[in-house]
Amino acid sequence: MAEELENSTSYELLTSSRFHFEFGGDGGDALLVSKVSGISITIDAAAQGQPIGIGKNIITQTQITPSGVSYENLTIEHVTTADNNALLDWYLACHPKSSTGGATEAYDSRHSASLVIYTQGSDEGVRWNIYNALPVKYTTTQVQAESTDLFKETIEIMHSGLVRVMS
């Protein structure tokens, strides 16, 4: 029994509460991020489970063929501070003003970002690098006179890809 314990491999399990969202925009490192969701990659299939033809002896052929990859939008929720408008400023820079229309800074405002999960010893455990990120939706929490909650902002980010990097 003791020999089995000595030869067993132990892996450090990462917790979802030890993370940091790194964002390339001004003020991004000062964000008090409370929640990140949307790390998701899907392989899209053509003719998924559908008949593609009928052959001799009336045998129906089906095939699943990978046709592309899609990514879910990331959702970043952070506690609002009086002196950090980083995500709202980024969102506003990427969209034309609704009353005047016109040009945006969206192409030049694409950012790289990363979600980093840390070990118990505060070392980097795993990292997802996110490429060509652009904000698509901005919301805030509901305000109420009797509320004791912190005021939070949420931004939804589309991107052109993400890669998990092992430390």
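Some values worked out for this structure:
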| read-out | value |
| --- | --- |
| Matching residues in segment 66-86 - criterion: being of a type in the set (Asp, Glu) and not in a loop (DSSP other than H, G, I, E, B) | 77 |
| Cβ pairs under 8 Å, 6+ apart, first in segment 141-167 and under 29 Å from residue 69 (Cα atoms), second among the hydrophobic types (A, V, I, L, M, F, W, C) and part of a loop (DSSP other than H, G, I, E, B) | 162/39 |
| Residues located in segment 128-157, provided they are charged (D, E, K, R) and farther than 19 Å from residue 73 by Cβ | 146, 149 |
| Residue under evaluation residue 159, criteria (1) in contact with a strand residue (DSSP E or B) (Cβ under 6 Å, 6 or more places away or on another chain); (2) loosely packed, with under 14 Cβ neighbours inside 10 Å, criterion not met | (2) |
| Residue count, segment 78-121 (criterion: within 23 Å of residue 164 (Cα to Cα), touching a Lys or Arg at 6+ places or on another chain (Cβ under 8 Å) and among the polar types (S, T, N, Q)) | 3 |
| Selection within segment 67-87 - without any contact (Cβ under 8 Å) to a residue 12 or more places away in the chain and within 13 Å of residue 135 (Cβ to Cβ) | none |
| Any chance residue 121 is modelled with pLDDT of 85 or more and either surrounded by fewer than 17 Cβ atoms within 10 Å (Cβ to Cβ) or out of contact with any strand residue (DSSP E or B) (no Cβ under 7 Å at 6 or more places or on another chain) (or both) | yes |
| Any strands (runs of 3 or more DSSP E) falling wholly within segment 87-167 and containing at least 3 residues that are in contact with an Asp or Glu (Cβ under 9 Å, 6 or more places away or on another chain) and among the hydrophobic types (A, V, I, L, M, F, W, C) | 111-118 |
| Residue ID - farthest from residue 108 (Cα to Cα), chosen from residues in segment 16-31 that are surrounded by 12 or more Cβ atoms within 10 Å (Cβ to Cβ) and modelled with pLDDT of 85 or more | 18 |
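Yes/no matrix, rows are residues, columns are (1) among the aliphatic types (A, V, I, L, M); (2) in contact with a Leu (Cβ under 8 Å, 6 or more places away or on another chain); (3) loosely packed, with under 15 Cβ neighbours inside 10 Å:
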| site | (1), (2), (3) |
| --- | --- |
| 52 | yes, no, yes |
| 56 | no, no, yes |
| 106 | yes, yes, yes |
| 129 | no, yes, no |
| 139 | no, no, yes |
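The values are calculated or read from the model by the stated rules, or taken from the named source; none is laboratory data. Computed from a prediction, not measured in an experiment: that's the story for all the values here. Don't worry about glycine lacking a Cβ; one is built from the backbone with ideal geometry, like all the others, and counts go over all protein chains shown.
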